[in-house]
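Peer 1: Structure below; questions to follow.
The values are calculated or read from the model by the stated rules, or taken from the named source; none is laboratory data. What you see is a predicted model; the values in this text were computed from it and never measured. Reconstructed Cβ throughout: ideal geometry from the backbone, glycine too, with neighbour counts over all protein chains shown. When the accessible area is computed, the model is the full protein with side chains, heavy atoms only, and any ligands, DNA or RNA have been set aside. Shrake-Rupley method; radii C 1.70, N 1.55, O 1.52, S 1.80 Å.
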Amino acid sequence: MFPYKTSISLDKKLKEPLYLQLSNQFINLIRDGRLATGTKLIGTRQLAEVLEIHRKTVVASYEELALQGWVESVPKKGTFVNTDLPVIQRQDFVDTAYESSQVTSGFSFYASSVLEHKLTQKKEGVMYLNDGTSDGRLTPLDEIARTYRRITSRKSTYHHLDYGSTYGNDTLRAVLANYLNQSRGLKTAKENILITRGSQMGMWLSSQLLLKLKDVIVVGETNYASADLTFMNTGAILKRVRVDQCGLITDDLERICQKETIRAVYVTSHHHHPTTVTLSAQRRIHLLQLSRTYNFAIIEDDYDYDFNYNHAPILPLASHDSGGNVIYVGSVCKTVAPVFRIGYLIASKDFVDEAAKLRGYVDRQGDALLELTFADFVKSGDLDRHIRKVMKVYQQRRDLFCKLLKDELGDYFSFEIPKGGMAIWVTLNNKYSWKKVQEVGKEYQIAIGDYMRYDMAETHHNAMRIGFASYNEEEIYELIKRLKQTMLSITN
């Protein structure tokens with residue numbers, strides 16, 4: 001007789017009804033081949049006695065199994081495992097527990113050859129370096145929550161709960177058009193705006209529409225690693241041009257254009273990622289001229305436009321674009337908090353229309369209620385008030401971080417004080433390696449992270465990007481202290 005008592009375990013403390021627990025365990029036993037097709041199940045009264053449960057529970061379970069087609073009831077004979085089920089090979093078990101977690105698939109699939117996903121389990125007490133993220137503790141959660149509640153309490157909100165447009169919420173598109181026209185000198189309309197889940201989605205959509213196998217896209221010698229990987233994933237060829245204190249060297253770009261056809265140029269014109277330098281006015285004009293002459297697209301990633309400490313923000317390339325060559329991507333993620341996945345792609349209407357169609361394959365629509373909330377958040381002036389508040393905080397943190405880095409670690413690191421953004425481009429003395437700093441840093445509870453992503457071109461510049469905005473004053477002192485302990489340990 002089948003060992004029901006040792007094979008079935010029921011827990012009355014669970015929220016799931018006992019009859020469903022019993023049904024699901026029977027299904028597992030049948031599926032795993034331990035109860036073969038045609039096997040007669042023990043009677044309801046006898047099973048109830050074995051498991052010490054009410055007979056009605058067993059009856060309900062058998063009825064559920066019959067409704068799902070796992071068993072069949074034969075009058076005056078009993079209940080049997082359905083004979084129409086495919087013959088299942090019995091599995092060998094180390095114990096009776098069913099292992100639900102699968103590590104290896106039973107089929108083949110196409111794995112990414114360029115993108116690796118590293119899941120970091122953060123440990124308490126460890127300080128993790130980042131490449132420039134906002135401080136979530138400064139996020140205006142109360143204002144956002146109040147706005148969200150106000151939006152959801154309106155009767156007119158109900159029609160936003162249905163399927164919407166792949167373009168994003170119409171109200172937010174209109175609000176952003178007005179806001180960006182006023183704050184960034186754009187001349188755009190809501191028809192030119194696609195709401196995305198962040199700038200990364202904007203880059204991906206752009207790459208899919210612009211690039212095919214062996215198409216050429218030009219990027220900086222130092223460049224945003226995620227953008228590189230996105231373009232590489234299309235099979236495109238990345239041509240790199242040098243970056244100096246004035247940004248992307250457009251004369252190098254022009255020489256490439258004279259020799260071969262390029263499809264696009266990717267640029268972080270405001271604060272070049274990762275080095276933080278600003279593309280000069282002369283090179284901005286030159287880049288736009290080249291795009292019109294050679295008919296390529298400019299993907300302008302303006303990831304931290306709002307944070308400038310020494311001067312007013314530089315207007316984006318998109319504000320000077322008269323030929324429809326610029327695809328402008330950005331988000332509120334870095335400005336407010338990365339968890340709020342709201343970004344935008346701005347381009348000519350025909351490109352936005354095609355991007356909206358493509359977006360529908362992977363994301364039917366965005367979060368309409370969150371988009372309405374941020375439409376109100378922007379329109380009411382709350383976003384600008386938040387920016388003004390955190391600007392002062394981040395500037396103070398930049399100044400303190402740079403002073404301590406120079407005073408305490410000037411023999412090991414060199415850098416230029418960034419005019420804006422939330423990170424510093426730090427060059428390590430050639431006597432040392434980031435690999436060694438990473439290894440020794442673990443002893444002092446400091447995690448350097450993947451420093452190699454800042455040198456995708458393998459130029460061995462020995463520099464990496466270190467964010468300062470997410471640390472308060474006390475944390476900055478502690479971070480510098482741990483870095484100093486690390487470097488002293490290396491040199492001793």
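Peer 1: Quick check: is even one residue across segment 420-443 closer than 29 Å to Cys246 by Cα, assigned to a helix (DSSP H, G or I), out of contact with any helix residue (DSSP H, G or I) (no Cβ under 7 Å at 6 or more places or on another chain) and of a type in the set (Lys, Arg)? Break it down stepwise before answering.
Peer 2: The first filter runs over segment 420-443 and keeps only residues closer than 29 Å to Cys246 by Cα, leaving 420-434.
With the extra rule that they be assigned to a helix (DSSP H, G or I), the set shrinks to 434.
With the extra rule that they be out of contact with any helix residue (DSSP H, G or I) (no Cβ under 7 Å at 6 or more places or on another chain), the set shrinks to none.
For segment 420-443, residues closer than 29 Å to Cys246 by Cα, assigned to a helix (DSSP H, G or I), out of contact with any helix residue (DSSP H, G or I) (no Cβ under 7 Å at 6 or more places or on another chain) and of a type in the set (Lys, Arg): absent.
Peer 1: Considering only segment 261-300, how many residues are part of a loop (DSSP other than H, G, I, E, B), in contact with a helix residue (DSSP H, G or I) (Cβ under 7 Å, 6 or more places away or on another chain) and not charged (D, E, K, R)? Lay out the reasoning, then the answer.
Peer 2: Applying the first criterion (part of a loop (DSSP other than H, G, I, E, B)) to segment 261-300 yields 261-263, 268-280, 295-296.
With in contact with a helix residue (DSSP H, G or I) (Cβ under 7 Å, 6 or more places away or on another chain) added as a condition, the list becomes 262-263, 269, 274.
From the residues that got through so far, the ones that are not charged (D, E, K, R) too are 262, 269, 274.
Of the residues in that region, 3 qualify.
Peer 1: Follow-up. Being within 24 Å of Thr230 (Cα to Cα) and touching a Phe, Trp or Tyr at 6+ places or on another chain (Cβ under 6 Å) is the filter here, so list the residues in segment 435-462 that pass it.
Peer 2: Correct list: Tyr451 only.
Peer 1: Can you tell me which residues in segment 425-479 are of a type in the set (Gly, Ala, Ser) and closer than 14 Å to Val126 by Cα?
Peer 2: Residues of segment 425-479 of a type in the set (Gly, Ala, Ser): 433, 441, 447, 449, 457, 463, 467, 469-470.
The answer is Gly441, Ala447, Gly449.
Peer 1: For segment 219-243, name all the residues that are touching a residue at least 24 places away in the same chain (Cβ under 8 Å), of a type in the set (D, E, K, R) and assigned to a loop (DSSP other than H, G, I, E, B).
Peer 2: The answer is Glu221, and nothing else.
Peer 1: Moving on. Give Trp434, Trp425 a once-over and let me know the one that is crowded, with 16+ Cβ neighbours inside 10 Å and without any contact (Cβ under 8 Å) to a residue 40 or more places away in the chain. It would help to see each step written out before you state the result.
Peer 2: Working: Trp425 fails: without any contact (Cβ under 8 Å) to a residue 40 or more places away in the chain.
Going through Trp434, Trp425 in turn, just one is crowded, with 16+ Cβ neighbours inside 10 Å and without any contact (Cβ under 8 Å) to a residue 40 or more places away in the chain: Trp434.
Peer 1: Moving on. Are any residues in segment 219-254 out of contact with any helix residue (DSSP H, G or I) (no Cβ under 8 Å at 6 or more places or on another chain), within 25 Å of Ala111 (Cα to Cα) and either among the aliphatic types (A, V, I, L, M) or surrounded by 16 or more Cβ atoms within 10 Å (Cβ to Cβ) (or both), and if so, which ones?
Peer 2: Asn223, Tyr224, Asp228, Leu229, Met232, Ile237
Peer 1: Grab the helices (runs of 4 or more DSSP H) fully contained in segment 1-63, keeping just those with 3 or more residues being surrounded by 15 or more Cβ atoms within 10 Å (Cβ to Cβ).
Peer 2: Numbers: elements: 4-7, 18-31, 44-51.
The qualifying helices (runs of 4 or more DSSP H) are 18-31, 44-51.
Peer 1: Counting just the residues of segment 270-311 that are of a type in the set (Ser, Thr, Tyr) and farther than 20 Å from Gly132 by Cβ, which one comes out surrounded by the most Cβ atoms within 10 Å (Cβ to Cβ)?
Peer 2: Here is the first cut: in segment 270-311, the residues of a type in the set (Ser, Thr, Tyr) are 275-276, 278, 280, 291, 293-294, 303, 305, 309.
Filter once more, so that each one left must be farther than 20 Å from Gly132 by Cβ: 280, 291, 293-294.
Numbers: Ser280: 17, Ser291: 23, Thr293: 11, Tyr294: 16.
Out of the qualifying residues, it is Ser291.
Peer 1: Also: Of Ile342, Ile314, which residue is closer than 25 Å to Thr373 by Cα, touching a strand residue (DSSP E or B) at 6+ places or on another chain (Cβ under 9 Å) and of a type in the set (Val, Ile, Thr)?
Peer 2: On the way: Ile314 fails: closer than 25 Å to Thr373 by Cα.
Ile342 is the lone residue from the list that is closer than 25 Å to Thr373 by Cα, touching a strand residue (DSSP E or B) at 6+ places or on another chain (Cβ under 9 Å) and of a type in the set (Val, Ile, Thr).
Peer 1: Give me the residue from segment 64-82 that is open to solvent by less than 90 Å² (accessible area, probe 1.4 Å) and assigned to a helix (DSSP H, G or I) and, out of that set, farthest from Gln21 (Cα to Cα).
Peer 2: Within segment 64-82, the match that is farthest from Gln21 (Cα to Cα) is Ala66.
Peer 1: Mind checking which residues of segment 306-341 are of a type in the set (Lys, Arg) and at pLDDT below 90? Break it down into steps so the answer makes sense when it comes.
Peer 2: The initial filter retains those residues of segment 306-341 that are of a type in the set (Lys, Arg), namely 334, 341.
Hit for segment 306-341 is Lys334, nothing else.
Peer 1: Which of the residues that make up segment 321-353 are of a type in the set (A, V, I, L, M), assigned to a loop (DSSP other than H, G, I, E, B) and open to solvent by less than 20 Å² (accessible area, probe 1.4 Å)? Outline the logic, then answer.
Peer 2: Our first condition is that a residue be of a type in the set (A, V, I, L, M); within segment 321-353, this holds for 326-327, 329, 332, 336-337, 339, 342, 345-347, 352.
With the extra rule that they be assigned to a loop (DSSP other than H, G, I, E, B), the set shrinks to 332, 336-337, 339, 342, 347.
If the condition is that a residue be of a type in the set (A, V, I, L, M), assigned to a loop (DSSP other than H, G, I, E, B) and open to solvent by less than 20 Å² (accessible area, probe 1.4 Å), then Val332, Val336, Ala337, Ile342, Ala347 are the ones that fit.
Peer 1: Additional query: Here are some conditions: (1) touching a helix residue (DSSP H, G or I) at 6+ places or on another chain (Cβ under 7 Å); (2) closer than 26 Å to Lys392 by Cβ; (3) modelled with pLDDT of 90 or more. Tyr303 meets all but one. Which one does it not meet?
Peer 2: Single failed check for Tyr303: (3).
Peer 1: Which condition breaks for Arg255 when tested against (1) closer than 30 Å to Leu172 by Cβ; (2) among the basic types (Lys, Arg); (3) at pLDDT 95 or above?
Peer 2: Checking Arg255 against (1) closer than 30 Å to Leu172 by Cβ; (2) among the basic types (Lys, Arg); (3) at pLDDT 95 or above, the one that fails is (1).
Peer 1: Under 7 Å between Cβ atoms, which residue pairs at least 6 apart in sequence (or on different chains) link something in segment 144-158 that is without any contact (Cβ under 8 Å) to a residue 24 or more places away in the chain with a partner that is surrounded by fewer than 15 Cβ atoms within 10 Å (Cβ to Cβ) and in a helix (DSSP H, G or I)?
Peer 2: Listed by first residue and then by second, the contacts come to nothing, as the list is empty.
Peer 1: Any chance segment 403-411 includes a residue that's closer than 30 Å to Gly202 by Cα, in a helix (DSSP H, G or I) and either open to solvent by less than 10 Å² (accessible area, probe 1.4 Å) or not basic (Lys, Arg) (or both)?
Peer 2: First pass over segment 403-411, keeping only residues closer than 30 Å to Gly202 by Cα: none.
Checked segment 403-411: no residue is closer than 30 Å to Gly202 by Cα, in a helix (DSSP H, G or I) and either open to solvent by less than 10 Å² (accessible area, probe 1.4 Å) or not basic (Lys, Arg) (or both).
Peer 1: Another one. Being modelled with pLDDT of 95 or more and either open to solvent by less than 20 Å² (accessible area, probe 1.4 Å) or more than 27 Å from Lys214 (Cβ to Cβ) (or both) is the filter here, so list the residues in segment 258-269 that pass it. It would help to see each step written out before you state the result.
Peer 2: Filtering segment 258-269 for residues modelled with pLDDT of 95 or more gives 258-268.
Once the filter is applied, which keeps residues that are modelled with pLDDT of 95 or more and either open to solvent by less than 20 Å² (accessible area, probe 1.4 Å) or more than 27 Å from Lys214 (Cβ to Cβ) (or both), segment 258-269 yields Ile262, Ala264, Val265, Tyr266, Val267, Thr268.
Peer 1: Now, a different point. Applying the selection to segment 162-177, what residues are in contact (Cβ under 8 Å) with a residue 40 or more places away in the chain and either out of contact with any Lys or Arg (no Cβ under 7 Å at 6 or more places or on another chain) or over 26 Å from Asn325 (Cβ atoms) (or both)?
Peer 2: Tyr163, Gly164, Ser165, Gly168, Asn169, Thr171, Leu172, Leu176
Peer 1: Moving to a separate point now. Can you tell me which residues in segment 26-56 are more than 17 Å from Asp84 (Cβ to Cβ) and touching a residue at least 40 places away in the same chain (Cβ under 8 Å)?
Peer 2: Taking segment 26-56 and keeping what is more than 17 Å from Asp84 (Cβ to Cβ), we get 28-29, 32, 34, 42-56.
Once the filter is applied, which keeps residues that are more than 17 Å from Asp84 (Cβ to Cβ) and touching a residue at least 40 places away in the same chain (Cβ under 8 Å), segment 26-56 yields Asn28, Asp32, Arg34, Ile42, Leu47, Val50, Leu51, Ile53.
Peer 1: Can you find even one residue in segment 354-373 that is assigned to a loop (DSSP other than H, G, I, E, B) and under 23 Å from Asp135 (Cβ atoms)? First the steps, then the outcome.
Peer 2: Here is the first cut: in segment 354-373, the residues assigned to a loop (DSSP other than H, G, I, E, B) are 363-367.
Okay, now just the ones that are also under 23 Å from Asp135 (Cβ atoms), so none.
Within segment 354-373, not a single residue is assigned to a loop (DSSP other than H, G, I, E, B) and under 23 Å from Asp135 (Cβ atoms).
Peer 1: Next question, about the same structure. Give just the number: which of (1) in contact (Cβ under 8 Å) with a residue 24 or more places away in the chain; (2) more than 28 Å from the chain's Cα centre (by Cα); (3) under 21 Å from His273 (Cα atoms) does Phe413 not satisfy?
Peer 2: Every condition holds for Phe413 apart from (1).
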